[in-house]
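The values are calculated or read from the model by the stated rules, or taken from the named source; none is laboratory data. From a predicted model like this one, the values you see are computed outputs, not experimental measurements. Here the Cβ positions follow ideal geometry from the backbone for every residue, glycine too, while neighbour counts run over all protein chains shown. All accessible areas refer to the heavy atoms of the entire protein, side chains included, with ligands and DNA or RNA removed. Shrake-Rupley method; radii C 1.70, N 1.55, O 1.52, S 1.80 Å.
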Amino acid sequence: MTEHLSSAVLDVRGLCVEFPGRHGTVSALSDVSLSIRPGEILGVVGESGAGKSMTGLAVQGLLEPPGRISGGEVWLAGRRIDQLDDKEMQQVRGRQIGAIFQDPLTSLNPLFTIGAQLVETIRLHLKLSKADAKARAIQLLKEVGIPAPEARYDHYPHQFSGGMRQRVVIALALAAEPKLIIADEPTTALDVSIQAQITSLLRRLCDDHGTAVMLVTHDMGVIAETADRVAVMYAGRLVEIGPVGDVLKNARHPYTRGLMASIPALGRRVERLNQIDGSMPRLNAIPTGCAFNPRCPEAGPRCRKDRPEPAPVGSGVSACWLNAGGVL
Amino acid sequence: MIVFLIKRLANAVLVMLAVALLAFLIFRFAGDPVELMANEQMSQADRIELREKLGLNDSFLTQYGRFVVNAARGDFGISYRNGQDVMTLIAERFPATMELALVATILSLLIGIPLGVVTAIHRGRWYSEGLQFVSIIGVSLPSFVVGILLILVFAVTLGLVPAFGRGDVVQLGWWSTGLLTASGRASLLLPSLALALYQITLVMRLVRAEMMEVLRSDFVKFARARGVPRRRIYFRHALRNCLMPVVTMTAMNFGSLIAFALITETVFQWPGMGMLFIQAVTFLDMPVMAGYLCIVSFIFVTLNTLVDIAYAVIDPRLRDATR
Ligand SMILES: Nc1ncnc2c1ncn2[C@@H]1O[C@H](COP(=O)(O)OP(=O)(O)OP(=O)(O)O)[C@@H](O)[C@H]1O
Ligand code: SF4
Ligand SMILES: [Mg+2]
């Protein structure tokens, strides 16, 4: 077990995140465990509010106070990072974990040229002279497919189209050769016609650089095309994780099966996963037992009483009584 | 853009004409100019002749038109009190008021911006909330009270700086400056602080609000995710995005600083345009009052127009909207 885990770039163990509030504490994540190996792309899917972004933010140490990690551990390349202070995390963010946000229109500072923002990131993390940093910035722009990078270097964000800006964001994420990139819905805000370009660019670059990726998305088509493994989240918990082929063809968890049924055909894209009857419970109103039980077609008495823990099944992990001794 | 420019300029001219009308009414109808000018020995015939010479028998519109044309050339007539040219009188006093307002503006930025940043970053801490509270007091205290308090503490009790006057001034062409002498600078301190206090709280509150807004934006979060240190995010990435509205407000408010300087100048016996105006009021020196009104309004309107135009030039969306 330890052997396998130590080879992982990212290893999240039993992560819990809570938000203390006026009406008591809500737990936004409970007991989330997942790991990503070097060069691997882990897709993370689930309905809106499932906790996908929260997982990424917790790993980067970017939870908005009063939100905080209340349990579990985060290991990055063999080093525990969930207890580092903000100064130490600054050296992890950008250097070891690159980030890609959803909306490229708002991710870049409008008052600085993209060149300035690239050089800033590069020089924060790598000991390079100004000239070398600029050369590297131009090289990165070329790599992410920006035409005439020398000329574009001095341009401001508003002078780029959405797709081009997301390429700049990818260049920023790669600026210091991080081991892991957390991409939170990198194509959701983009025009449908360029979504595929951006995902395949991401896939290619991470292959070239051996970068692992945590790819949060609503798009099962993107998962099918780019991810190696997929993690399914529901109400702040991980319900299933496994190799993408197995999960798509042979899901173990009823929720995952519901999600799969909501894809019209493999490769076509849907905006939202909403084929399952009912909606996800609010975080302060999660039913006892399995969080999914009110919507689950296969729920039994045990599901309403006890909570199923994630357990290895076949090539993956699933948290469902069906896979752990039945629902009765 | 051209249409916008023309509209904006026409607007400014209209406002100035209205101000001129007000100034003219004061000059012409708040007391009879001939009576105010005449001395005891003047005969009735002399008075009638003077009335004719001043054009006071012409129609209202003719008189108003003449007033506007003269004012546009900087001719507001001569002071009833000492017979000097009004424009010369104002020009003499102009540098004192200008330096006061400029230093007050600089102070308000130097003090207001850091305070705004600090209270935005550390909101919820006792000192931020304390500053917020004090700033409410700062906004509501009348400036003469502030001035008197400052004089009491720093000039009378501590004896650190002069309580009134401008100190020694140096003449640079027609401009007299107090900035080049030690006593001039020391004298400038209290009045400019008194004048700046209100503006400081405005700048602080604006910067605080803008900072809190910007700190919520995606590019700040993304900068954090890139590993940019907090201080750099606050002062380089966030603050820069707040400065545009601060500059705008400062430019817009410069006119009111000059107007408010009237009170500060009275409290500190500062020999500026405001004092000139107050003296003119006590002596019923109508041409000086009318001149002051026109000049201050002119500064006010010019600044506002320039800011509006600058905004339209810089922000393409605004330009399109007003087309
Ligand atoms: N400040 C907060 N206080 C309390 N709860 C919060 C806070 N911020 C987020 N949450 C909750 O945490 C949960 C997880 O949100 P998260 O953004 O991770 O969802 P997501 O899976 O990324 O959804 P989406 O697909 O819409 O991006 C949500 O249910 C949200 O209500
Ligand atoms: S544990 Fe029960 S309710 Fe939950 S998913 Fe499995 S079968 Fe459905
Ligand atoms: Mg999200």
**Complete:** Checked pairs for the stretch A:184-199, first away from ligand 3 (no atom under 16 Å from the Cβ), second not in a helix (DSSP H, G or I), C-beta under 7 Å and 6 or more apart or across chains, list as A:GLN195/A:THR187; A:ILE198/A:PRO186; A:ILE198/A:THR187; A:ILE198/A:LEU190; A:THR199/A:THR187
**Request:** Residue by residue through the stretch A:127-149, note down the ones that are among the acidic types (Asp, Glu) and either at pLDDT 95 or above or open to solvent by less than 30 Å² (accessible area, probe 1.4 Å) (or both).
**Result:** A:ASP132
**Message:** Suppose we filter the stretch A:190-227 for residues that are of a type in the set (Ser, Thr, Tyr) and crowded, with 19+ Cβ neighbours inside 10 Å; how many remain?
**Reply:** 4
**Prompt:** For the stretch A:76-86, does any single residue satisfy the condition of being within 8 Å of chain B (Cβ to nearest Cβ) and either touching a Lys or Arg at 6+ places or on another chain (Cβ under 9 Å) or outside any helix (DSSP H, G or I) (or both)?
**Reply:** yes
**Message:** What's the number of the only condition in (1) within 13 Å of another protein chain (Cβ to nearest Cβ); (2) surrounded by 21 or more Cβ atoms within 10 Å (Cβ to Cβ) that A:GLY115 fails to meet?
**Reply:** (1)
**Message:** I'd like the full set of residues that are part of a loop (DSSP other than H, G, I, E, B) and either at pLDDT 85 or above or surrounded by 13 or more Cβ atoms within 10 Å (Cβ to Cβ) (or both), limited to the stretch B:154-167.
**Reply:** B:LEU158, B:VAL161, B:PRO162, B:ALA163, B:PHE164, B:GLY165, B:ARG166, B:GLY167
**Complete:** Checked the stretch A:161-178 for anything within 14 Å of another protein chain (Cβ to nearest Cβ) and outside any helix (DSSP H, G or I); matches are A:ALA175, A:ALA176, A:GLU177, A:PRO178
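Any residue that is over 27 Å from the mean Cα position of the chain (by Cα), modelled with pLDDT under 95 and more than 16 Å from ligand 1 (Cβ to nearest atom) - is there at least one of those in the stretch A:96-106? If you could, list the steps in order and put the result at the bottom.
Step one: list which residues in the stretch A:96-106 are over 27 Å from the mean Cα position of the chain (by Cα), which gives none.
No, every residue in the stretch A:96-106 fails to be over 27 Å from the mean Cα position of the chain (by Cα), modelled with pLDDT under 95 and more than 16 Å from ligand 1 (Cβ to nearest atom).
Looking at A:ASN323, A:ASN284, A:ASN293, which one is within 16 Å of ligand 1 (Cβ to nearest atom) and either under 20 Å from A:LEU259 (Cα atoms) or in contact (Cβ under 8 Å) with a residue 24 or more places away in the chain (or both)? Talk me through it step by step, then tell me what you get.
Values: A:ASN323 fails: within 16 Å of ligand 1 (Cβ to nearest atom); A:ASN293 fails: within 16 Å of ligand 1 (Cβ to nearest atom).
Answer to the check: A:ASN284.
Does A:LEU266 qualify as being within 16 Å of ligand 3 (Cβ to nearest atom) and at pLDDT below 90? First the steps, then the outcome.
Values: within 16 Å of ligand 3 (Cβ to nearest atom): no; at pLDDT below 90: yes.
Here the answer is no, as A:LEU266 does not meet what is asked.
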**Asked** If we scan the stretch A:180-201, do we find a residue that is among the charged types (D, E, K, R) and within 16 Å of ligand 1 (Cβ to nearest atom)?
**Response** yes
**Complete:** When every residue in the stretch A:26-42 that is closer than 19 Å to A:MET280 by Cβ and not aliphatic (A, V, I, L, M) is compared, the one nearest to ligand 1 (Cβ to nearest atom) is A:SER27
**Item:** Close pairs from the stretch A:228-246: first more than 14 Å from chain B (Cβ to nearest Cβ) and within 16 Å of A:LEU283 (Cα to Cα), partner more than 15 Å from ligand 2 (Cβ to nearest atom) and part of a loop (DSSP other than H, G, I, E, B), Cβ under 7 Å, at least 6 apart
**Value:** A:MET233/A:GLY51; A:GLY236/A:GLY51
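Out of A:GLY24, A:GLY49, report the one residue that is within 14 Å of ligand 3 (Cβ to nearest atom), farther than 23 Å from A:ASP85 by Cβ and modelled with pLDDT under 95. Full working, then the answer.
Working: A:GLY24 fails: within 14 Å of ligand 3 (Cβ to nearest atom).
After ruling out the rest, the residue left standing is A:GLY49.
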**Prompt:** Any residue in the stretch B:236-249 that is within 14 Å of chain A (Cβ to nearest Cβ), on the phi > 0 side of the Ramachandran plot and open to solvent by less than 10 Å² (accessible area, probe 1.4 Å)?
**Reply:** no
**Message:** Just the residues that are within 14 Å of chain B (Cβ to nearest Cβ), more than 11 Å from A:VAL17 (Cα to Cα), more than 9 Å from ligand 1 (Cβ to nearest atom) and not in a loop (DSSP other than H, G, I, E, B), please, taken from the stretch A:43-75.
**Reply:** A:GLN60
**Request:** Among the residues of the stretch A:89-108, write down those that are within 7 Å of chain B (Cβ to nearest Cβ) and open to solvent by less than 10 Å² (accessible area, probe 1.4 Å).
**Result:** A:ARG93, A:GLY94, A:ALA99, A:SER107, A:LEU108
**Asked** Of the residues that make up the stretch B:204-211, is at least one part of a helix (DSSP H, G or I), surrounded by 15 or more Cβ atoms within 10 Å (Cβ to Cβ) and within 14 Å of chain A (Cβ to nearest Cβ)?
**Response** yes
**Message:** Go through the stretch B:1-32 and report how many residues are part of a helix (DSSP H, G or I) and over 15 Å from B:GLY291 (Cα atoms).
**Reply:** 15
**Request:** Taking the options A:LEU62, A:LEU57, A:LEU105, name whichever one is touching an Asp or Glu at 6+ places or on another chain (Cβ under 9 Å) and without any contact (Cβ under 8 Å) to a residue 40 or more places away in the chain.
**Result:** A:LEU57
**Request:** Just give me the residues in the stretch A:69-89 being touching a residue at least 24 places away in the same chain (Cβ under 8 Å) and closer than 17 Å to B:LYS221 by Cα, in sequence order.
**Result:** A:ASP86, A:MET89
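What residue, among those in the stretch A:118-155 that are free of Cβ contacts under 8 Å to residues at least 12 places away in the same chain, among the small types (Gly, Ala, Ser) and assigned to a helix (DSSP H, G or I), is farthest from A:SER107 (Cα to Cα)?
Here is the first cut: in the stretch A:118-155, the ones free of Cβ contacts under 8 Å to residues at least 12 places away in the same chain are A:120, A:123, A:127-132, A:135, A:139, A:142, A:147-149, A:151.
Imposing the further condition that a residue be among the small types (Gly, Ala, Ser) reduces the set to A:129, A:131, A:135, A:148, A:151.
Remaining after also requiring assigned to a helix (DSSP H, G or I): A:131, A:135, A:151.
Numbers: A:ALA131: 25, A:ALA135: 23, A:ALA151: 21 Å.
Filtering first and then ranking leaves A:ALA131.
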**Message:** Given the criteria within 30 Å of B:VAL214 (Cβ to Cβ) and assigned to a helix (DSSP H, G or I), does B:TYR127 qualify?
**Reply:** yes
**Message:** I'd like the full set of residues that are among the small types (Gly, Ala, Ser), over 22 Å from A:GLY314 (Cα atoms) and in a helix (DSSP H, G or I), limited to the stretch A:184-240.
**Reply:** A:SER193, A:ALA196, A:SER200, A:GLY221
**Asked** Of (1) within 14 Å of another protein chain (Cβ to nearest Cβ); (2) touching a Ser or Thr at 6+ places or on another chain (Cβ under 8 Å); (3) among the aromatic types (Phe, Trp, Tyr), B:PHE260 satisfies all except one. Which?
**Response** (1)
**Message:** So if I check each of B:GLU40, B:GLU35, which one is of a type outside the set (Phe, Trp, Tyr) and not in a helix (DSSP H, G or I)?
**Reply:** B:GLU40
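Quick check, is A:LEU124 within 13 Å of chain B (Cβ to nearest Cβ), over 20 Å from B:PRO229 (Cα atoms) and surrounded by fewer than 23 Cβ atoms within 10 Å (Cβ to Cβ)? Give the steps one after another, and end with the answer.
On the way: within 13 Å of chain B (Cβ to nearest Cβ): yes; over 20 Å from B:PRO229 (Cα atoms): no; surrounded by fewer than 23 Cβ atoms within 10 Å (Cβ to Cβ): yes.
Considered against the rule, which asks whether it is within 13 Å of chain B (Cβ to nearest Cβ), over 20 Å from B:PRO229 (Cα atoms) and surrounded by fewer than 23 Cβ atoms within 10 Å (Cβ to Cβ), A:LEU124 comes out as no.
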**Request:** Could you tell me which residue of the stretch A:272-317 is farthest from A:HIS23 (Cα to Cα), considering only residues that are surrounded by 17 or more Cβ atoms within 10 Å (Cβ to Cβ) and within 16 Å of ligand 3 (Cβ to nearest atom)?
**Result:** A:LEU273
**Request:** May I ask you to verify whether B:PHE268 is within 14 Å of another protein chain (Cβ to nearest Cβ) and open to solvent by less than 30 Å² (accessible area, probe 1.4 Å)?
**Result:** no
